[in-house]
């Protein structure tokens, strides 16, 4: 299968069950919103070494937020509900409460499972904090030097999908960079997903395990152009640069939609092949087959449990 001159490899991306939380973060203006969100989603690319995978799911207009101010939907992913709760509490207290004008609301109001966020952060108020119930929901007002930090008492956490991916292989770096930027821009328009790596792109794709016993992951040598000829390569023979795009999402359908849109946008002149990372189908519950995604006229259910 090809999109123009770009080969779509007959392979699949292997993704995992993860848990996620979605916060709605607001601020007085876009300047402080951007800074708060950047801090809260920092050092959050991969749970290989980070406490969470995080990113902006959507930018929200004042008509879309609880307090009528500019906002953002921010998603945090981890392998357990407890891991997500710990990361979100820490990042809210250290990165969002500290940012001028920011307020934090629940972005998953329908999720049956919940954890205390404001109910945890409130202790920073040293006994001066106050709560108020609005429309059946409790909010905490924590005194700060600016005035008050407003944060919702409880927020939702739900099961999602992490690790959807595809790998863009191009004739040179400039072509590859342009391709992945096209892909990330269209993926950003898909609701319910994030691309947690810098600019949405991974240059240091990894494989499971290492020759060094203490490492759980190491460089994906099969996709490193400088190692072609020294190790079995999975690169197109004329590819000199490869980048991976990793997608976390609220469910299989949204990850599939994001992968499809991203692959279609990335394909183009000089993009020789688009492939994906997997572990032989033995580790991840969800298998997103590239050619099936592109052939589908409607969003399929791509997940297939491992035997």
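Laboratory data are not the source of any read-out in this text; all were calculated from the coordinates shown. Worth saying up front: this structure is predicted, and the values here are computed from it rather than measured. In this analysis, Cβ positions are derived from the backbone assuming ideal geometry, glycine residues included, and neighbour counts consider all displayed protein chains.
Every residue in the range 208-246 that is surrounded by 14 or more Cβ atoms within 10 Å (Cβ to Cβ) and touching a helix residue (DSSP H, G or I) at 6+ places or on another chain (Cβ under 7 Å), please.
221, 227, 233, 234, 235, 239, 240, 241, 242, 243, 245
Please determine whether any residue of the range 150-166 is touching a helix residue (DSSP H, G or I) at 6+ places or on another chain (Cβ under 6 Å), more than 30 Å from residue 263 (Cβ to Cβ) and surrounded by fewer than 20 Cβ atoms within 10 Å (Cβ to Cβ).
There is no residue in the range 150-166 that is touching a helix residue (DSSP H, G or I) at 6+ places or on another chain (Cβ under 6 Å), more than 30 Å from residue 263 (Cβ to Cβ) and surrounded by fewer than 20 Cβ atoms within 10 Å (Cβ to Cβ).
Restricting to the range 264-278, count the residues that are within 20 Å of the chain's Cα centre (by Cα), surrounded by fewer than 24 Cβ atoms within 10 Å (Cβ to Cβ) and closer than 16 Å to residue 177 by Cα.
2
In the range 174-187, what residues are farther than 18 Å from residue 239 by Cα and touching a strand residue (DSSP E or B) at 6+ places or on another chain (Cβ under 8 Å)?
Answer for the range 174-187, where residues must be farther than 18 Å from residue 239 by Cα and touching a strand residue (DSSP E or B) at 6+ places or on another chain (Cβ under 8 Å): 183, 184, 187.
Of everything in the range 22-34 that's in contact (Cβ under 8 Å) with a residue 40 or more places away in the chain and farther than 24 Å from residue 85 by Cβ, which residue is surrounded by the fewest Cβ atoms within 10 Å (Cβ to Cβ)? Walk me through how you get there before you give the answer.
Initially, the range 22-34 is screened for residues in contact (Cβ under 8 Å) with a residue 40 or more places away in the chain, giving 22-30, 32-33.
Right, trim to farther than 24 Å from residue 85 by Cβ and you get 28-30, 32.
Values: 28: 13, 29: 11, 30: 13, 32: 17.
Restricting to residues being in contact (Cβ under 8 Å) with a residue 40 or more places away in the chain and farther than 24 Å from residue 85 by Cβ, the top hit is 29.
Search the range 55-93 for residues being closer than 22 Å to residue 145 by Cβ and in contact (Cβ under 8 Å) with a residue 40 or more places away in the chain, and hand back the single one that is surrounded by the fewest Cβ atoms within 10 Å (Cβ to Cβ).
Pass one, the range 55-93, residues closer than 22 Å to residue 145 by Cβ: 67, 69, 89-93.
Imposing the further condition that a residue be in contact (Cβ under 8 Å) with a residue 40 or more places away in the chain reduces the set to 67, 69, 91-92.
On the way: 67: 12, 69: 20, 91: 23, 92: 24.
Restricting to residues being closer than 22 Å to residue 145 by Cβ and in contact (Cβ under 8 Å) with a residue 40 or more places away in the chain, the top hit is 67.
Within the range 284-294, does at least one residue satisfy the condition of being in a loop (DSSP other than H, G, I, E, B) and over 17 Å from residue 12 (Cα atoms)? Break it down into steps so the answer makes sense when it comes.
First pass over the range 284-294, keeping only residues in a loop (DSSP other than H, G, I, E, B): 284-285.
Filter once more, so that each one left must be over 17 Å from residue 12 (Cα atoms): none.
Within the range 284-294, not a single residue is in a loop (DSSP other than H, G, I, E, B) and over 17 Å from residue 12 (Cα atoms).
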